[in-house]
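Beneath this line is the structure, given in structure tokens, with notes to follow.
No value in this document is a laboratory result; all are computed from the given coordinates. Keep in mind that this is a model prediction, so the values were computed, not measured. Because the Cβ atoms are built from the backbone with ideal geometry, glycine has one as well, and the counts that use them run over all protein chains shown.
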Amino acid sequence: MRFRAGRGCHHATGEVCVRGEALPPGQREAKGWPVSHYGPVPKFRADRWNLQVFGATATGEKHSWTFEEVTALPKATITADLHCASGTSTLGHEFFGVPASVLLELAPPAPGVTHVMAWAEYGYSANLRLADFTSERTLMATHRNGESLTAEHGFPLRLVVPHLYGYKGPKWLRGIEYMTRDRRGFWEERGYHNIADPWTGQRHSYQEGERPQG
């Protein structure tokens, strides 16, 4: 499967709208693909690694996949721009990996689930509305531009949610928690916006009471 996720926005309803601007407001293009993360780069051990789905699952059970099982799941390719809340954007990435929709089919959420928490190494977390996670453009990436992700860029698995700021897409993804109520993740607890739409400039939590522009 291949999806193009270009310079646009993606509503919770699933409707795609195309923006006239090349970049979201306040963003500037960065060359290459700068490395940005909090904390050290984890060491990967395939025999100790797994991906889990837990919380309010439809069956009430935790689901788990080994590294080999994840690599055998159906894959898709998206072309996407990435936007950092610091104001830089990198354009035209081609990501390859497991669509979030595959995980949702294998481990369905309970009817009352409204949000998910994406968990990564060292306890890093990012909360998402379920509608953002279920977007056809949300991908658990293993490769970029035809090559395996480097450790610095999130190998073996990186969540890519291109219609939101980058802090909503953790590197070194290890788990998805289904939630029946919202709960802030790592950066959201530290003053970053709970929704993180780059096209309306939702960078900081103090903006959460403001009406979106545009």
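Comparing 185, 169, 39, which has the greatest mean-square fluctuation in the GNM of the chain with Cα pairs linked when under 10 Å apart?
In the Gaussian network model the winner is 39.
Around residue 99, under 10 Å between beta carbons, what's the net of Lys plus Arg minus Asp minus Glu among the other residues?
Values: positive: 75, 137; negative: 105, 136.
Combined, the nearby Lys, Arg, Asp and Glu give 0.
Please enumerate, by chain and number, the aspartates and glutamates with C-alpha under 20 Å from the C-alpha of residue 75, excluding those fewer than 8 residues away in the same chain.
94, 105, 132, 136, 147
Around residue 115, under 13 Å between beta carbons, what's the net of Lys plus Arg minus Asp minus Glu among the other residues?
Details: positive: 129, 168, 181, 183, 184; negative: 132, 177, 182, 188.
Local net charge: +1.
Rg/Rh for region 45-148 to two decimals, with Rh computed the Kirkwood way over all alpha-carbon pairs. Before the final figure, lay out each step's value.
Numbers: Rg = 14.6 Å, Rh = 15.1 Å.
Taking Rg over the Kirkwood Rh, I get 0.97.
Please say if region 115-180 is rounded, prolate or oblate, where rounded means a/c under 1.5 for a ≥ b ≥ c the square roots of the C-alpha gyration tensor eigenvalues, and otherwise the choice is prolate for a/b larger than b/c and oblate otherwise?
On the way: a/c = 2.23, a/b = 1.40, b/c = 1.59.
It comes out oblate by the Cα gyration axes.
Which values, in whole Å and largest first, are the semi-axes of the equivalent ellipsoid of region 162-214 obtained as the square root of 5 times each eigenvalue of the Cα gyration tensor?
On the way: eigenvalues 85, 35, 22 Å².
Ellipsoid semi-axes (Å, largest first): 21, 13, 10.
Would you mind classifying region 68-205 by shape? Square roots of the alpha carbon gyration tensor eigenvalues, ordered a ≥ b ≥ c; an a/c under 1.5 is rounded, otherwise it is prolate if a/b is larger than b/c and oblate if not. The partial results should precede the final answer.
Numbers: a/c = 1.57, a/b = 1.09, b/c = 1.43.
Taking the square roots of the gyration eigenvalues as a ≥ b ≥ c, region 68-205 is oblate.
Antiparallel DSSP bridges in the chain: what percent, to the nearest 5?
On the way: 37 of 47 bridges.
Bridges in the chain that DSSP calls antiparallel: roughly 80 percent.
Once you've got the GNM for the chain with C-alpha springs shorter than 10 Å, pick whichever of 111, 162, 170 has the biggest mean-square fluctuation.
Comparing 111, 162, 170 in the GNM, the peak value goes to 111.
Considering the chain as a Gaussian network with a 10 Å cut-off on Cα pairs, which listed residue, 156, 25, 109, attains the greatest mean-square fluctuation?
Its mean-square fluctuation being the largest, the pick is 25.
Taking the Cα centre of region 36-96 as the origin, how large is its charge dipole in debye, to the nearest 20, when only Lys and Arg (+1) and Asp and Glu (-1) carry charge on their Cβ atoms?
200 debye
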